[in-house]
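Data first, discussion second: the structure below is written as structure tokens.
The values are calculated or read from the model by the stated rules, or taken from the named source; none is laboratory data. Keep in mind that what you see is a predicted model, and the values were worked out from it rather than measured. Glycine gets a Cβ as well: all are built from the backbone with ideal geometry, and neighbour counts include every protein chain shown. Side chains are part of the model used for accessible areas, which takes the heavy atoms of the whole protein and leaves out ligands, DNA and RNA. Shrake-Rupley method; radii C 1.70, N 1.55, O 1.52, S 1.80 Å.
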Amino acid sequence: MPEQPYRPERAIAGTGMGGAMDLGASEAATLEGAPGGPEGGGPAGKPRSLWSDAWRDLRRNPVFLLSALVICFLVLISLWPSAIASGNPLTCELAKAQDGPAPGAPFGYDGQGCNVYTRTVYGARTSVTVGLCATLGVAVLGSVLGGLAGYFGGVWDALLSRLTDVFFAIPVVLGGLVLLSVVTSHTVWPVIGFMVLLGWPQISRIARGSVITVKQNDYVQAARALGASDSRIMLRHIAPNAVAPVIVVATIALGTFIALEATLSYLGVGLKPPSVSWGIDISAASPYIRNSPHALLWPAGALAVTVLAFIMLGDAVRDALDPKLR
């Protein structure tokens with residue numbers, strides 16, 4: 001049979017099952033130039049990672065975008081509250097006590113004649129500071145202890161498990177009433193230290209379970225067989241693949257810590273005047289709720305929106321990092 005002349009308008013493409021199919025030149029170019037190529041990965045045929053897939057999903061999630069927008073606004077006013085609120089939050093005029101909205105005070109005045117709007121804006125700094133610092137401390141301490149216990153196991157794992165059981169048995173609010181009642185400092189650091197002290201066991205158990213799961217994978221066993229040290233295996237192979245559940249739990253816990261700070265301040269054992277806090281303002285406005293409800297509703301509403309934004313952000317991150325949803 002005579003040899004057929006080569007025709008550039010035709011091309012042969014593999015079917016992936018040991019055969020081939022005849023494609024037109026334009027179809028073959030489309031197949032070869034498609035993003036991710038035949039492997040369905042990223043550019044140049046490289047498979048996408050969990051993090052790149054998660055970021056792609058988050059950018060398309062309206063819940064994430066809305067919550068991230070609210071959180072960015074809170075961070076900005078925490079750094080520069082004077083940009084949208086003039087005046088000193090500690091300056092009060094008793095002659096204006098319980099007055100309604102007025103020029104320069106769109107939220108009215110509280111029972112001491114303080115500008116509710118100014119105090120609400122400046123209160124965001126305290127809440128964001130406490131939430132971020134407590135979450136960072138809890139995530140670092142819990143991840144290190146849980147990761148080491150999950151990797152090495154044995155007696156260290158048993159001791160950590162019993163220690164976390166002890167901390168889980170302590171009621172958070174009751175523990176705060178007991179521990180913070182003897183603290184005379186008016187700064188945020190005793191409150192942050194208390195949250196880290198009672199908050200790390202949850203992150204520790206999450207990190208421990210994640211490390212135990214990841215260390216069974218083949219690439220970890222291969223690294224160990226090639227002579228990699230424990231520190232290299234932990235930092236290069238286990239930590240990047242075990243940190244996703246910790247990030248999800250820590251993001252949700254951030255909103256919980258903000259609510260806990262407001263609760264402790266409301267009860268009088270958290271932050272104390274002259275500190276500016278939503279919990280302090282809610283506590284001070286409670287006796288006047290019938291005469292001036294605006295003094296309570298605005299800081300309470302700001303607290304609710306902030307906590308909801310962080311919880312929504314955590315839910316969106318959890319959905320994006322959960323491989324079972326793919």
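For the stretch 200-230, a residue qualifies if it is under 18 Å from LEU136 (Cβ atoms) and either among the small types (Gly, Ala, Ser) or touching a strand residue (DSSP E or B) at 6+ places or on another chain (Cβ under 6 Å) (or both), and the qualifying residues are SER204, ALA207. Looking at VAL140, VAL155, which one is within 17 Å of the chain's Cα centre (by Cα) and closer than 23 Å to LYS215 by Cα? It is VAL140. Filtering ALA250, ALA295, ALA302 for residues that are of a type outside the set (Val, Ile, Thr), under 30 Å from ALA149 (Cβ atoms), touching a residue at least 24 places away in the same chain (Cβ under 8 Å) and assigned to a helix (DSSP H, G or I) leaves a single hit, ALA250.
Name the residues in the stretch 241-274 that are under 19 Å from GLY193 (Cβ atoms) and open to solvent by 30 Å² or more (accessible area, probe 1.4 Å), would you?
Result: THR256, ALA259, THR263, LEU267, GLY268, LYS272.
Screening the stretch 275-295 for residues that are open to solvent by less than 20 Å² (accessible area, probe 1.4 Å) and of a type in the set (S, T, N, Q) and picking the one that is nearest to THR184 (Cα to Cα) gives SER277.
Return the residues of the stretch 295-320 that are small (Gly, Ala, Ser) and touching an Asp or Glu at 6+ places or on another chain (Cβ under 7 Å); say none if nothing qualifies. Show your work before the answer.
Of the residues in the stretch 295-320, the ones small (Gly, Ala, Ser) are 295, 300-302, 304, 309, 314, 316, 320.
The answer is ALA295, ALA320.
Inspection of the stretch 117-126 finds no residue satisfying the criterion of being farther than 24 Å from LEU308 by Cα and open to solvent by 40 Å² or more (accessible area, probe 1.4 Å). PRO38 falls short on exactly one of the conditions (1) modelled with pLDDT of 50 or more; (2) surrounded by 12 or more Cβ atoms within 10 Å (Cβ to Cβ); (3) not in a loop (DSSP other than H, G, I, E, B), and that condition is (1). Looking only at residues that are over 22 Å from VAL140 (Cα atoms) and among the hydrophobic types (A, V, I, L, M, F, W, C) in the stretch 170-199, which one is farthest from the chain's Cα centre (by Cα)? The extreme case among them is VAL182. Kindly evaluate THR120 against the criterion of being more than 28 Å from SER204 (Cβ to Cβ), polar (S, T, N, Q), in contact (Cβ under 8 Å) with a residue 60 or more places away in the chain and not in a loop (DSSP other than H, G, I, E, B). So THR120 passes the test. Among the conditions (1) in contact (Cβ under 8 Å) with a residue 40 or more places away in the chain; (2) under 25 Å from ILE258 (Cβ atoms), SER82 misses just one, which is (1).
Grab the helices (runs of 4 or more DSSP H) fully contained in the stretch 150-245, keeping just those with 1 or more residues being free of Cβ contacts under 8 Å to residues at least 24 places away in the same chain and more than 30 Å from GLY268 (Cα to Cα). Step through it out loud before you land on a result.
On the way: elements: 154-168, 172-180, 189-214, 218-225, 239-242.
Correct list: 154-168, 218-225, 239-242.
Among the residues making up the stretch 45-71, those that are modelled with pLDDT under 75 and open to solvent by 100 Å² or more (accessible area, probe 1.4 Å) are LYS46, PRO47, ARG48, TRP51. The criterion of being among the acidic types (Asp, Glu), free of Cβ contacts under 8 Å to residues at least 12 places away in the same chain and open to solvent by 10 Å² or more (accessible area, probe 1.4 Å) does not hold for ASP110.
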